[in-house]
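The values are calculated or read from the model by the stated rules, or taken from the named source; none is laboratory data. What you see is a predicted model; the values in this text were computed from it and never measured. In this analysis, Cβ positions are derived from the backbone assuming ideal geometry, glycine residues included, and neighbour counts consider all displayed protein chains.
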Amino acid sequence: MANFTKIRNRELLSQKVYRIIKRDIIRGKLVSNTRLFEEKIAEQMQISRTPVREALRLLAAEGFVELVPNNGIVVNQVLPQDLLDILRIRLQLETYASYLAAKEVTEKDLSNLQIMVEQMEEAVKAKNALEFSNLNLKYHKYITKLSGNKKLCEICDNLYAQSDHWIKAMGVPERLKRSLEEHVNIFKTLSLKDSDCCKQEMHKHLNNVILNISSMQMKGE
C-alpha cells in the first residue's frame, strides 16, 4: 500500500485527504483494485479516521473507489464503458462550452492557447504521449473556463479527472498527430470567434476520441 503524506495544517481535513488520494489515483500511484484501509491512511497522515472515511465517501460518489463486500474499499477497476459514458457527457457539455468560449475569448487567451498548441506539437515530435495528454487536459480546461459558466466548469473538472485517469490507466493510444490537428482546428475557430464552427470542431474531436475507444472495446484491447 502507498505511503500517504502527513497533514500539517488546518485545511478541512476530509477535503485534503480527498485531494491527496484522488491525486494519487489520477497519477497512477494507486492502481485499480488497490485496497485502501481507513486506519492505515489515518495513521500515516496522523489524523483520525473520520475525515478519511468522509474523503473515501466523496471518492466513491465520483467513481474513483468502491466499497466491495468482504473486501473493504478498493480503487475502481478501469472499464472502457465507464470511460465512454463520461466522454459522451463531455461531448455534450464541451460543445456548449466551446460555443460560449468563442464569444468570450480575448487576444491574451488566444496567445495562451497558441502556446499550448505549440507545446503539443513538440510533444508529438518527441512522441511523448504522457506530456501530450497533460497538455490536452490543460487545453480543454482552459476552453471550458472561457465559457464563464462556473457550474459547467465544476462539473467538467470532475469529468476531466475521471476520464484522464481512465485513459492513462487503459493505455489508450493518443492518436497524437490526428488529435493535434483537431486541437489546431478548434484553435482556429476560436481565433475567428466563430461559435458555431468552434462547437462543430469540438464535437468532431471528442466524437473521434469516442470512436477510437469504442473500436478498441470491440477488438477487446
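Leu113 - would you say it is assigned to a helix (DSSP H, G or I) and crowded, with 18+ Cβ neighbours inside 10 Å? Yes. Against the test of being surrounded by 15 or more Cβ atoms within 10 Å (Cβ to Cβ), closer than 25 Å to Ser14 by Cβ, of a type in the set (S, T, N, Q) and out of contact with any His (no Cβ under 8 Å at 6 or more places or on another chain), the options Asn76, Asn71 yield a single qualifying residue, Asn76.
Confirm whether His203 is assigned by TED's automatic domain parsing to the domain that holds Glu94, of a type outside the set (D, E, K, R), more than 19 Å from Asn112 (Cβ to Cβ) and modelled with pLDDT of 95 or more.
yes
Condition check: of a type in the set (Asp, Glu), over 14 Å from His203 (Cβ atoms), surrounded by fewer than 18 Cβ atoms within 10 Å (Cβ to Cβ) and modelled with pLDDT of 95 or more. Does Glu66 satisfy that? No. Using the structure shown, decide if Glu107 is modelled with pLDDT of 90 or more, within 15 Å of the chain's Cα centre (by Cα) and farther than 20 Å from Arg57 by Cα. Taking the combined requirement at face value, the residue does not satisfy it.
To keep it simple, each residue is scored yes or no on (1) at pLDDT 95 or above; (2) in the same structural domain as Tyr99 (by TED's automatic domain parsing); (3) buried (at least 18 other Cβ atoms within 10 Å of the Cβ).
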residue: His140; (1), (2), (3): yes, yes, yes
residue: Tyr160; (1), (2), (3): no, yes, yes
residue: His165; (1), (2), (3): no, yes, yes
residue: Lys177; (1), (2), (3): no, yes, no
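Tallying residues that are touching a Gly at 6+ places or on another chain (Cβ under 8 Å) and farther than 18 Å from Leu13 by Cα within the range 34-68 yields 1. Restricting the first member to the range 142-161 and to residues that are on the phi > 0 side of the Ramachandran plot, and the second to residues that are assigned to a helix (DSSP H, G or I) and not small (Gly, Ala, Ser), the beta-carbon pairs closer than 8 Å and six or more apart or on different chains are Gly148/Leu100; Gly148/Glu104. Of all residues in the range 48-67, those satisfying the criterion of being closer than 15 Å to Leu30 by Cβ and part of a strand (DSSP E or B) are Val65, Glu66. Return yes or no: is Val52 within 17 Å of Gly72 (Cα to Cα) and at pLDDT below 90? No: the conditions fail for Val52. Inspect the range 145-157 for any residue being within 20 Å of Leu87 (Cα to Cα), modelled with pLDDT of 95 or more and in a loop (DSSP other than H, G, I, E, B) and give the result as yes or no. Yes, the conditions are met somewhere in the range 145-157. Checking the range 105-121 against the condition returns a match, with at least one residue being free of Cβ contacts under 8 Å to residues at least 12 places away in the same chain and among the hydroxyl-bearing types (Ser, Thr, Tyr). Residues of the range 98-109 that are out of contact with any His (no Cβ under 9 Å at 6 or more places or on another chain), assigned to a helix (DSSP H, G or I) and not basic (Lys, Arg): Tyr99, Leu100, Ala101, Ala102, Glu104, Glu107, Asp109.
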